[in-house]
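Below is one structure, written out as structure tokens; the observations come after it.
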């Protein structure tokens, strides 16, 4: 079970919330996550994600997705607050055009990617990248979201 706190600060009009919920739940199911979970997902502008990227990663440019793991128990719900996923709606739309697929497919990919980061996966070396990217593709295929 996953509770998604969703905010479209970018006012993108993409109506992504239902698919975002599916993506988060699919990752937790795929990973056999044993606890109820809460995730915050926010769509922002390139300028907002640039500021976050600078603040937290010391990189002064926009990026597509940032993840901020928490892993703390919410005493009110007994769910694990996995953390925050922040996606640049602008960059997602541009990448979708560049890769020749829909913005919703790109947002789904970025959400799955962000969720895997919240669960501890990373791609700092080739071995870890291979594992994480294979999981991303398997999860997206289970959702019927293919390239």
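Among beta bridges from DSSP that stay inside region 32-147, the antiparallel ones total about 45%. In terms of surrounding Cβ atoms within a 10 Å radius of their Cβ, 17, 147 rank from fewest to most as 147, 17. Per-residue ellipticity at 222 nm computed for the chain from its helices equals -15500 deg cm²/dmol, with DSSP H segments shorter than 4 residues left out and the rest contributing -39,500 (n - 2.57).
Given (1) 38, 34, 31; (2) 57, 39, 30; (3) 46, 30, 26, which label gives Cα extents along the principal axes in Å as computed from the coordinates? Read-out from the structure maps to (1). Put in line by how crowded their Cβ is, counting other Cβ atoms within 10 Å and starting with the fewest, 80, 85 read 80, 85. Cβ-to-Cβ counts within 10 Å put 42, 77, 111 in ascending order as 77, 42, 111, the fewest first.
Quick note: the coordinates plus some simple rules give every number you see, no bench work behind them. Small disclaimer: the values here were computed from a predicted structure and weren't measured. Quick reminder, even Gly has a Cβ in these numbers, built from the backbone with ideal geometry, and neighbours come from all protein chains shown.
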